[in-house]
Structures are given as C-alpha cells and as structure tokens.
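These notes are about the structure you will find just below.
What follows draws every value from the coordinates through simple rules; no lab data is involved. This is a predicted model, so every value here is computed, not measured. All Cβ positions, glycine included, derive from the backbone under ideal geometry; neighbour counts span all protein chains shown.
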There are 2 protein chains.
Amino acid sequence: MPRHKGDHDARRRDVSAAVWRVLVARGFGGLTLRAVATEMGATTGLITHYFPSKKDLLAHALTVLDEHRATRPRRTAPECPAPPEGLPALRAALMETLPLTREAVADSRIWVSSWDAALADPSLTSGHGARYARSRERIRHHVRAAQLRGELPASDPDETAAVVQSFVLGLVVQALFSAEELPAARQIRLLDGFLATLASAAGGP
Amino acid sequence: MPRHKGDHDARRRDVSAAVWRVLVARGFGGLTLRAVATEMGATTGLITHYFPSKKDLLAHALTVLDEHRATRPRRTAPECPAPPEGLPALRAALMETLPLTREAVADSRIWVSSWDAALADPSLTSGHGARYARSRERIRHHVRAAQLRGELPASDPDETAAVVQSFVLGLVVQALFSAEELPAARQIRLLDGFLATLASAAGGP
C-alpha cells in the first residue's frame with residue numbers, strides 16, 4: 001500500500017475516533033466542526049477538508065455509529081457452540097438493541113440524539129429510514145424462522161417484525177429517560193413478557 | 001385584573017407562540033434565544049428577561065409542547081355520546097399519540113427532536129421520565145378497565161402498560177423516518193394487530 005493511502009486511512013481513523021468522542025460527550029446536538037477540531041487538536045480548516053459541511057459531518061457520524069454498533073462485543077457467550085435460531089435468535093438480537101449495559105446505554109443515548117439532526121434533513125431522514133427498514137428485515141427473518149419452528153403463531157411476518165421493532169425502539173427511549181424504573185432486569189422481563197405474548201397469541205392473517 | 005398582569009400574560013403568550021413557531025420550523029436543535037427573538041422581532045435581551053438561560057428556554061418549550069398536545073383537537077367524533085371505556089378507550093388514546101395527521105406528524109417530530117436536548121440535561125431528563133411515567137399510568141388505567149371488562153387477559157397491568165407504551169413510541173419513531181412505508185392506514189393496521197395480539201394472548205402473572 002502506498003504511503004499516501006496509509007496516511008489518509010490513519011487520519012480518517014483519527015477523525016472518526018474524534019467524532020465518536022464528541023458524540024459520547026455531547027450527543028449529536030453538540031457535534032460541530034469546531035468540537036471535532038478541538039478534540040483532535042487540529043484546525044477547523046483541516047476538519048472542513050474532510051467534511052465540507054455540517055451535513056457531511058452528520059452523515060459521517062452516523063456511519064461511525066453504525067460501525068461502532070457492528071463491532072461492539074456481543075452479549076452472546078463466545079463458547080456458545082452454535083448461534084441460536086428462531087425465537088432464541090430473535091430474543092438475542094433484541095437484547096443487543098436494549099440499553100442493558102453501560103456501553104449500550106451510551107450507544108442508545110447517541111442514537112436517540114441523532115434523531116433530531118436526522119429529521120432536520122431529508123437525505124439523513126431517508127438514511128435512517130433505510131437503517132430501520134434493514135433492522136425490520138433482520139427481525140422478519142427471525143420471526144419467519146420462529147414460525148417455521150412452531151415457536152410463534154402464523155402471521156404476516158412483515159407486520160409482526162414492525163410490531164417487534166416498535167416495541168424495542170420504544171423501550172429503549174423509555175429506559176433512557178427512566179433509568180431507575182427500567183433497569184436492565186425489568187427491560188429483560190418486559191422483553192420476555194412481550195415475546196411470551198406473541199408466542200401465545202392467536203396469530204393473524 | 002390589573003393592567004400590568006394582563007400585559008405580562010399577553011407577552012408570555014407571544015413568547016410561547018414564537019417558541020412554538022421556531023420548534024415547528026427547526027425542531028429543538030434550532031431552538032435558540034436568538035431564533036425566538038428574531039421570530040418575535042424583539043431583541044435577544046428581551047428574551048433573556050424571560051429565559052435567563054438556554055435551559056430555561058428548553059424547559060419552557062417542553063411546557064409549550066405539553067400545552068399544545070393537551071389542546072389539540074381530538075380525533076374522537078364530537079357527537080360521540082359517551083367517551084369509550086376499556087379497550088376502545090385504550091385504542092383511542094394510542095391513536096392520539098400516533099402521527100396519523102399532518103398536525104400530529106409535526107407534533108411527533110418536535111417531541112422526538114426534544115429527546116436530544118432532554119437527555120443532555122439531568123433535570124430535563126427526569127422531566128421527560130415523569131411525562132412518560134404519567135403516560136404509562138394513563139395506559140395502565142385503560143388496560144385495567146379492559147381486563148375488568150374481559151377484553152384483555154389478566155396480567156400485571158403495569159407490565160402491559162409499559163409494553164403498550166413501548167410499542168406506540170417506537171411506532172412513532174419509525175413512522176417519522178419511513179413515512180412512505182408507514183402511512184396512517186398501516187400504522188392503524190399495526191396498532192389493531194398489536195391490540196388483537198394482546199387480547200388473544202394467554203395473559204401473564
């Protein structure tokens with residue numbers, strides 16, 4: 001790899017790390033070109049070289065957030081011989097989304113803080129819309145598998161996936177605002193109660 | 001009423017109206033003392049007289065949002081002879097929360113945009129936490145009534161209320177980001193499917 005490319009990649013990683021630190025400290029509301037520059041000990045001009053506008057910076061921050069979530073250590077035990085399938089896989093995926101650990105709370109906090117900025121710009125809005133559509137698709141896959149295994153009643157898996165994603169997103173929001181009322185143990189109890197409700201329901205069209 | 005008091009109230013209403021217009025146009029991310037002053041054609045100094053700090057302004061904006069929601073015309077037909085009870089009352093309350101109309105979309109948009117600012121300040125965080133706790137309490141009341149009427153299976157109404165509120169909050173968020181995928185008709189279908197799931201489930205402890 002030519003030296004130039006390596007330098008560029010290293011600098012890009014530095015910028016991404018600085019963006020992440022600003023997000024953790026201040027949320028999206030505090031993410032500015034100046035804040036990233038200060039965090040890096042660089043000039044605002046240098047940051048502008050990477051992000052010509054605030055919108056470019058926000059778009060990059062969302063990518064950083066995606067990457068961070070993708071690389072976060074899973075809660076699933078590493079010694080687990082095979083990944084779960086069906087309903088247990090659905091439960092495991094939803095557990096990853098809930099703010100059950102200190103790190104997951106920080107992640108959720110940043111995601112929720114991104115919604116204001118994302119709603120203020122049509123292209124960021126559709127980007128977030130696409131993220132949640134992909135998430136519903138992953139949930140749908142688990143719902144369908146659980147139905148085939150007889151763990152969930154027959155229903156339109158798209159509808160069930162949208163209901164499941166609604167439940168988990170709304171629980172994230174409430175847990176952030178009411179940390180004392182909704183500690184990890186209660187979040188898990190609510191999740192398991194919700195899944196038991198789905199499993200015992202009559203099913204749908 | 002002495003003239004002074006009337007003037008003060010009128011000015012307070014002017015300020016509240018300006019705060020509302022800024023929220024509609026820019027969300028909480030764009031709510032600044034300067035923006036409110038510009039909206040009123042007043043000096044920033046005058047606004048500072050009402051709100052010494054940004055935090056005071058945010059707290060007032062949340063109050064304005066509460067008032068606006070409380071006074072928004074209900075979807076329930078005015079000729080309806082008696083307010084619904086039990087499961088129909090629960091459904092009606094949830095319908096009011098969903099972004100089913102243009103005005104409700106604007107309201108939801110502002111609420112979601114308030115979460116970043118509210119999470120950045122502990123007293124605003126607990127204020128939002130209290131709002132959602134009151135909302136869960138209202139839902140719990142309807143759930144309990146529906147159980148007594150035999151419309152929902154027996155379960156801990158606190159747990160069911162938390163699940164219901166999670167579902168509706170998460171659906172609001174997804175509908176804002178995926179307006180095309182989740183138009184009003186589909187939101188209502190998801191709500192009715194979710195309520196049918198609750199009604200047909202085995203119930204819980």
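Observations, loosely collected:
- When only Cα pairs below 8 angstrom with a gap of at least 6 residues are kept, the stretch B:86-200 shows a relative contact order of 36 percent.
- Taken about its Cα centre, the stretch B:86-200 carries a charge dipole of about 280 debye when Lys and Arg each add +1 at the Cβ and Asp and Glu each add -1 at the Cβ.
- Overall shape: oblate for the stretch B:86-200, with the ratio a/c of the largest to smallest alpha carbon gyration tensor axis at 1.5 or above and b/c at least equal to a/b.
- Cβ neighbours within 10 Å from other chains - mean over A:189-197: 5
- Stokes-Einstein diffusion coefficient of the stretch B:3-71, Kirkwood radius over Cα pairs, 10 °C, 1.306 mPa s, in µm²/s: 132
- Relative contact order, percent, chain B [alpha-carbon distance under 8 Å, six or more residues apart]: 20
- Within the straight-line cut-off of under 14 Å between alpha carbons, the aspartates and glutamates reachable from B:Lys55 are B:Asp116, B:Asp121, sequence neighbours fewer than 8 places apart in one chain being disregarded.
- Angle of helix B:184-200 to the longest C-alpha principal axis of chain B, folded into 0 to 90 degrees and rounded to 10: 50°.
- Spherically averaged projected area of the protein assembly as shown from its Cα convex hull (nm²): 25.3
- Across all directions, the shadow cast by the convex hull of chain A built on its C-alpha atoms averages 14.5 square nanometres.
- Shielding by partners for peptide B:171-184, expressed as the average number of C-beta atoms from other protein chains within 10 Å of each residue's C-beta, is 6.
- Between 0 and 90°, nearest 10: helix A:157-177 axis offset from chain A longest Cα axis: 60
- Working from Cα pairs under 8 Å separated by at least six residues, relative contact order for the stretch A:3-66 is 32 percent.
- Computed over the Cα atoms of the stretch B:113-163, pair by distinct pair, the Kirkwood hydrodynamic radius stands at 12.2 angstrom.
- Charge dipole magnitude, Cβ of K and R +1, D and E -1 - the protein assembly as shown, Cα centre, debye nearest 20: 760
- Degrees separating the helix A:54-71 axis from the principal Cα axis of chain A, which is the longest one: 50
- Charge dipole of the protein assembly as shown about the Cα centre (unit charges at C-beta), most positive-ward option of B:Gly27, B:Leu90, B:Leu100: B:Gly27
- Residue by residue along A:29-36, Cβ atoms of other protein chains within 10 Å of the local Cβ number 1 on average.
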